[in-house]
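Throughout, read-outs are computed from the coordinates displayed, never taken from laboratory work. What you see is a predicted model; the values in this text were computed from it and never measured. Don't worry about glycine lacking a Cβ; one is built from the backbone with ideal geometry, like all the others, and counts go over all protein chains shown.
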Amino acid sequence: MRVGYALGGNGHCIAEARHHAGAFLDQAVSDHQLPMSARARDLTQLVVSELVTNARKYAPGPVLMELRLTASVVDVVVWDSDPTVPAARASDPGRIGQHGLEIVHAVTEKLLVEQERVGKRITARIALADIPRSDTTGPASMQRPTPVKRTAR
């Protein structure tokens, strides 16, 4: 399943994006009996919220969001007009705000940033099932390699 949305830059687009994501996942579950954990649904809406918030905050103009679903993952893809590649800041428990990318990186299986001719596209991949962990070395997100950053061709 795949769906795309053009979101205006107004103050309602973040809530609108979360609503679209929830409705899309609900439809996948009801129409296709796709097994999905409550955690995956919540994380998808969190990632949508963080990525759309950043796009709205740092890029002028509209935001495009695409949701792609397979049997095991959901990809949240957000495009905005700012070509600047975001970077997670160093951990600072005293810092107020600006933790969005850190959060997205921590809860996703994969995070990819691609510069486009105009703007950038960020793809975040979230597992639909809760994966049982048999190790004690830390969160799965800490075991992933650093996200790949590419430039448009």
Length added when fully stretched, Leu112-Asp82, from 0.36 nm per residue minus Cα-Cα: 9.2 nm
Where a label projected 7 Å from the Cα of Met1 along Cα→Cβ would reach, residues of the range 63-96 with amide N under 20 Å: 65-78
Under Karplus coefficients 6.51, -1.76 and 1.60, residue-wise ³J(HN,Hα) of the range 96-104 in Hz, glycine/proline x: 9, x, 6, 10, x, 5, 4, 5, 4
Cα-based Kirkwood hydrodynamic radius, the range 1-58, one decimal, Å: 12.0 Å
Descending semi-axes in Å of the range 2-150, equivalent ellipsoid built from Cα gyration tensor: 23, 21, 14
